[in-house]
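In what follows, a single structure is set out as structure tokens and then discussed.
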Amino acid sequence: MQRKVIFPNRWLPYALLAPQLVVTLIFFIWPSLQALLMAFQEQDPFGLYVRFVWFDNFVMVLTDPEYYNTLVRTLVFSTAVTLLAMVPALLLALAADALLRARSAYTTALMIPYAIAPAIAGVLWLFMFNPAIGVVAYTLQVLGLDWNPTLDGNDAMLLVIMASAWKQVAYNFLFFLAGLQSIPRSLLEAAAIDGAGPWRRFRTIVFPLLSPTTFFLLVVGLVYAFFDTFGVIHAVTAGGPATDTTTLVYKVYTDGMIALDLGGSAAQSVLLMLMVIGLTMLQFRFLERRVHYS
Amino acid sequence: MNNSPSHSLPGQALAHAVIWIGIAITALPLYIAFVASTLSNPDIAQAPMPLWPGDQGWENYRQVIIEGMQGGHLSPPVWLMLFNSLIMALVIAVGKISVSIISAYAVVFFRFPGRMFCFWLIFITLMLPVEVRILPTYEVVTDLGLLNTFAGLTLPLIASATATLLLRQFFLTLPDELVEAAKMDGAGPLRFFWDVVLPLTRTQLAALFVIMFVYGWNQYLWPLLIVTDQNLDTIVVGIAKLIGTGDATTDWNLVMATTLLALLPPALVVLLMQKWFVKGLVDSEK
Amino acid sequence: MALKKTLLAYTLAFAAATSAVVAHAQAPAAAQPRTEIQMWMGLTGVNGELLSRFGEDFNRSQNEYRVVVSFRGQYPEQRAAAMAAFRAGNPPHIMQMFDAGSGDMIQSRGAIIPVSQVFQRAGIAFNPADFIAPARGYYGLPNGELLSMPFNVSTAVLFYNRDAFTRAGLDPNRPPRTWPEMIAAAKQIRERNAAECGFTTTWLAWIMLEQFNARHNQQIGTLDNGRGGAASELTVNNALNQRMVQTLIDLQPTRAFSYGGRSNDAAAKFISGQCAMLLQSSGGLAAIQRDGRFALGTAQLPHWPDVQGAPFATTIGGASLWVFNAPNRTQQEMRGIAMFLDFLRSDRVMTEWARTTGFLPATYSSFRAMQQAGFFTQNPGRDVPILSLIEARQGQFTQGYRFGRWTEIRNIYYEEVERALQGRQTAAQALRNFERRGNAQLRAFERSVN
């Protein structure tokens, strides 16, 4: 994507990009290359015995049937989290945008959950849903529903999906609201005068103008679902019961930090990275065309 | 403005209702935390926890605020941790936004060799989670002598792909007429940025500031790794130290009370940023 | 307007950052420069407070060294931090590592210096026999040398709800000693509905795999439970272990047994009164005493009476203190490390540690000191765990184990047994899968350290 009208300067853009690029190169690219290099090595936890093993780690990962189960599980999880986080957020943003009064108070109330540290959020979800002491769990049991995320894989998956989406709703809400408020009122008023109902206005004006934001949130949301949900899963189910809530990123963590299988973990990270890059590029390629930029 | 159906009474009522349902769901965990902060620990442990606030509230908050965290050997005073968190959050938020906005500007408003390559290079930072690269990043920071320093705490976190992406999206929506008008006025790219683009980006910047501030505020893994001097602890690390490991006891009521207190600064930021959420653009600007 | 705000924010941030940096730089400069000793620990809360305070006590007692005790996250995060620091050439002087991580520490030859050698080089007297036998076995070499210093030690016990026992018509002064008695009690509790569930367990792998096999003096792996080297293999797929797992599966439908999750989660079921009995670490006592609302009883872990010689001693859990090997360590630093470790194992510190935290006295002398001070008579039940370690019969396989990647292998145990409890596989299949996957981990570890 490129604008049609631009500035002609030659070196200024490089100067503008420099700070971010410098930090990125030193603190991200360089360490990442080293981390990725670990995918081709076999070593002990302390780096005392390092051996180059070509693609052995990759072969081990790709020939493990459990890896494919994890992959499918991750796709299901990520789709559910992304959808569950975007749709309610849009609804809430539309409602907040339409408010004449008290918008600040409501927005603040909806945003505060986002400010809770992930570790604490996990604890709160346990407080609500833990079969032993959880308030919501108790209510569910009283209602006759057999809620047991410690042994029922589906319950556990539902729990981590909810907990992961919850945080993201606030995030999406904020950006949707910002996007909605950038839409010129004059356009909407003109359409209303022309007799377009709210749904028609939404479909023809609001949604297209909101599409840059939606695209952004979709890309970021997918990345979030794939990567940043690690903290929540760790706090709430630790990947269990059995392997029912172990996603690809969680497996990267357990293999790396728990099993201290640095090579295998790095290999999985490479694969995961390629997957997400691939998905993102697909999004840029096919979805971005339908985004209205002006 | 006054004829819009959404401004009618049923429209407003619907909007309020939707929001209240949203608040009930998203704020439920917070309410639970609040109730827990007003109970005694045995009450919390007896299933199910009561849904109504208890009577220990004053005592618990007093203990947290005045007596500080436990014995004072494991963590510095609460106010110092809150201060550290505030600095960290501010520096990271301002740093990330500054660095990203000029990058996004460069990528959108200029054409130069390596343009998309630079964008993807920045963007790719999203694709490798921090847990994976934490060991080598620690080595780099050590080699640069930045361990246990404020720079080591903040610099590695300053690059932001999210902010760059969002701002790039926004900059792509700005009408060409704006740029042409500026050029005709003889304004260079920097003037254009400062006088025209920046004010227009208000809403996005407000949203980003909230997100980045919270991101900085909630940093846990990286400070834990980099900092050995207790006096640089952030409040989130302090809360983590309150939670007993293994089978050890945890004063959940105090943990919840501290958590809620720690939410106040970010909440304040959200509230303050509301002013920048200007409803729509003034017609003359478009 | 927007610009002004941005500028204001910048100025604020800059001013604040500057003042923070200045404040930090002005940290009190010692009158006489002390050598700094870094100790990393994984404890929080009351336990972390006390260990930090011990560091401060040590600093006050002498002028040469300054010990800095810092929390670096839970054990896995802390371990990652230590690994990163080691690779960067700057590991902490002392690190607290949990039991399951010992194998990883030891097999990476060259990463650590055995604690016995640390004392020897510093010229400070050190007698490993001071430490209780199970701890010595766990962290020691056949020649008696200790690799790491046991510090916070725990073992597994059976907690039970006396009130629920009374309700069920069981004698609260006669807790079950064997598994058949345990099963019968659980069933009776359920039949009389004295509680919603008979018993539950925390730390499934630690208790049902490690403690269980120690209690019956059964081998977990070849090469003397892994002590002979990284080439060991797991040997747990046998009739006894199958019987134990099958028992858990069979007792589920009537809720005579109810699974409560990995690690410490199940304790909540006992504390809230849902389950009448709890297999738990001795360290869980404080939480139960504070939050439980019933009369509590403590007993040793049950055993199967048909296993010859049972019951044997249980093994230890908790953590020990390791000394890292770094190229730039000075003689003076090494001496400081030895002095601080010596301080920590003194009777005064050990007894205060055991009394306050609920961990067990790790040395015989501190145990006797507590006995003489009347601690155990004043606190009935507090001696159950330590006695189950030192008074019960010692055997070849009550000395713990030493496997690499054990934390992950414990995870595999959770996964496989949970799958069996879900009804997706039998006990025999669970143990077979566990052995297979666990051995794959051991082989990978073996390759990595050779």
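Any read-out appearing in this document is the output of simple, stated calculations on the displayed coordinates, not a laboratory observation. Just so you know, these numbers come straight off a predicted model, no measurement behind them. Because the Cβ atoms are built from the backbone with ideal geometry, glycine has one as well, and the counts that use them run over all protein chains shown.
Counting Cβ atoms of other protein chains within 10 Å of each Cβ in B:94-104 and taking the mean gives 5.
For the range C:75-122, the equivalent ellipsoid built from the Cα gyration tensor has semi-axes of 18, 14, 10 Å, listed from largest to smallest.
Considering only B:Ala36, B:Pro10, B:Leu263, the residue lying farthest towards the positive end of the dipole of chain B is B:Pro10, judged by Cα position with unit charges set on Cβ. Judged by the gyration tensor of its Cα atoms, with axes a ≥ b ≥ c, the range C:204-335 is oblate; a/c meets the 1.5 cut and b/c is at least as large as a/b. The distance between label points at C:Glu391 and A:His292 comes to 8.2 nm (points 7 Å beyond Cα on the Cα→Cβ vector). Sequence-distant contacts, meaning Cα pairs under 8 Å at least 6 residues apart, place the relative contact order of chain B at 30 percent.
For chain C, the convex hull drawn through the C-alpha positions has a volume of 193 cubic angstrom per residue.
Computed about its Cα centre, the charge dipole of the protein assembly as shown is approximately 1420 debye, with only Lys, Arg, Asp and Glu carrying charge at their Cβ. In this Cβ point-charge picture (+1 for Lys and Arg, -1 for Asp and Glu), chain C has a dipole of about 580 debye about its Cα centre. Peptide A:84-90 has a mean shielding of 1, counted as Cβ atoms of other protein chains within 10 Å of each residue's Cβ.
Residues within the reach of a label modelled at A:Arg51 (point 7 angstrom out along Cα to beta-carbon, backbone nitrogen below 20 Å), restricted to the range A:240-279, are A:256, A:259-268. Mean partner shielding of peptide C:265-275, defined as the number of other chain Cβ atoms within 10 Å of each residue Cβ, is 5. A cysteine counts as unpartnered when no other cysteine's C-beta lies under 4.7 Å of its own; in the protein assembly as shown this applies to B:Cys118. Look at the Cα gyration tensor of the protein assembly as shown: its axes a ≥ b ≥ c give a/c of at least 1.5 with a/b over b/c, and that counts as prolate. Could you tell me whether chain B comes out rounded, prolate or oblate from its Cα gyration tensor? Rule is a ≥ b ≥ c as square roots of the eigenvalues, rounded for a/c under 1.5, then prolate if a/b exceeds b/c, otherwise oblate. Because a/c hits 1.5 or more and a/b fails to exceed b/c, chain B counts as oblate. A dipole drawn for chain B from +1 and -1 charges on Cβ atoms has a positive end, and of B:Phe209, B:Val227, B:Val140 the residue lying farthest that way is B:Phe209.
Just the number, please: Stokes-Einstein D of the range A:54-290 in µm²/s, Kirkwood Rh from C-alpha pairs, 37 °C, 0.692 mPa s.
Reported coefficient: 165 µm²/s.
Helix content alone sets the calculated 222 nm mean residue ellipticity of the protein assembly as shown: runs of n ≥ 4 DSSP H residues at -39500 (n - 2.57) each, divided across all residues, give -17000 deg cm²/dmol.
Each part reduced to its alpha carbon centroid, the range A:20-46 and the range C:321-341 end up 30 Å apart.
Other residues lying with their Cβ under 11 Å from the Cβ of A:Ala266 contribute a combined charge of -2, Lys and Arg counting +1, Asp and Glu -1. Each of A:Ser104, A:Phe173, A:Leu222 was scored by the projection of its Cα onto the charge dipole of the range A:54-290, and the greatest displacement toward the positive side belongs to A:Ser104; charges sit on the C-beta of Lys, Arg, Asp and Glu.
Remark: the C:Arg121-C:Gln219 segment gains 31.7 nm on full extension, using 0.36 nm per residue and subtracting the alpha carbon distance.
Rounded to the nearest 20 debye, the dipole magnitude of the range C:391-450 is 180 debye, with +1 charges on Lys and Arg beta carbons, -1 on Asp and Glu beta carbons, and the Cα centre as origin.
Using only the C-alpha atoms, the convex hull of the range C:138-201 corresponds to 128 Å³ per residue. FRET efficiency for the A:Ala190 to B:Ser8 pair, using the beta carbon distance and R₀ = 25 Å, is estimated at 0.85.
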